[in-house]
Amino acid sequence: MYLQRIGDLRTDKDLRQKDVANMLGLNVEVYRHYEKGERDIPIWALVKLAEYYHTSTDYIFGRTNDPRPPRAGGKDKNAPLVKGERFCYIIFSCGSEWEQYLIRNDSVW
């Protein structure tokens, strides 16, 4: 799956692929494959990238052109972000193992 925005977000921050790979704990070649769309990027990495760039996974997927992160209450775009708000947009079935991880670890922004 080619996700152009992960490369765009990186270059907008003047980061090298190596910088992002290190942040994700990956080999730079593996990250390079993700950015080129030569390998499917795992959901945990997408969530971590969205958190790192302060955006939503919907923006990374190209489902919205609004790069702002999700807001509290969902519908009110002017509501402040809430520390501790759960962060996971399930765009496609990611399997119960990942969902259980998020619930068990109370994954937060």
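I'd like the residue in the stretch 1-23 that is outside any loop (DSSP other than H, G, I, E, B) and touching a residue at least 24 places away in the same chain (Cβ under 8 Å) and, out of all such residues, is surrounded by the most Cβ atoms within 10 Å (Cβ to Cβ). Applying the filter and picking the extreme gives 20.
Suppose the filter is surrounded by 15 or more Cβ atoms within 10 Å (Cβ to Cβ), assigned to a helix (DSSP H, G or I) and at pLDDT 90 or above; does residue 26 pass it? Taking the combined requirement at face value, the residue does not satisfy it.
In the stretch 29-54, the residue that is nearest to the chain's Cα centre (by Cα) out of those that are assigned to a loop (DSSP other than H, G, I, E, B) and among the charged types (D, E, K, R) is 40. On inspection, residue 94 does not qualify as at pLDDT below 90, under 11 Å from the mean Cα position of the chain (by Cα), hydrophobic (A, V, I, L, M, F, W, C) and part of a loop (DSSP other than H, G, I, E, B).
The values are calculated or read from the model by the stated rules, or taken from the named source; none is laboratory data. This is a predicted model, so every value here is computed, not measured. All Cβ positions, glycine included, derive from the backbone under ideal geometry; neighbour counts span all protein chains shown.
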